[in-house]
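Inspection log for the structure reproduced underneath, given as C-alpha cells.
The values are calculated or read from the model by the stated rules, or taken from the named source; none is laboratory data. Since this is a predicted model, take the numbers as computed values, not measurements. A quick note on method: Cβ atoms are made from the backbone with ideal geometry, for glycine too, and the neighbour counts reach across all protein chains shown.
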Amino acid sequence: MKAKPLRHLIIGLLLATGVFHLAVALVGAGGEGRALPLTVFGFIFIGLSFYVRADVKDGSKNHSRNAIIATIIACIAGLGVGGTSYAQSGGPLALPIMFLVDIVIIAAGVWWLVKTTKKKA
C-alpha cells in the first residue's frame, strides 16, 4: 500500500474509533469510571484524524510525520490506560475491539513512517 492511501486508512480508523469511544461513553457501556477516559480519548482520536488529514507543514520532509507520530503515541497511551483498566476489572466487548483498532492504527502509522522515510532518503 502506498503512503497516501495508508494515511487515508489511518484517518478513517481514527475517526471511526473516536466516534466509537464517544458512543460507548454515551450509552454507558464502558462501565463505572470509564465514561470520562472514553470521552477524552474519543475527542483526541477525532482531533488527530483532522490533524493527520491536514497534511500540515510541520517542518518535516513529509508533512504529516509529526501528526502520525502523535497518533502512534496517543494509541499507545490508549492501549495502556484502557488495557490496564480492562485487565483489572474487565468490561464490555467494545473495549477489546477498540484495542484492536488501536493496534491496527499503530501498525499502519509505523508502516507509513517506514514507507515515507525510505522514499525521502
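Criterion applied to A77, A87, A54 was being under 14 Å from G109 (Cβ atoms) and either surrounded by fewer than 21 Cβ atoms within 10 Å (Cβ to Cβ) or at pLDDT below 90 (or both), and the one residue passing it is A77.
Hey, any hits in region 85-99 for a residue that's of a type in the set (A, V, I, L, M, F, W, C) and not in a helix (DSSP H, G or I)? Checked region 85-99: at least one residue is of a type in the set (A, V, I, L, M, F, W, C) and not in a helix (DSSP H, G or I).
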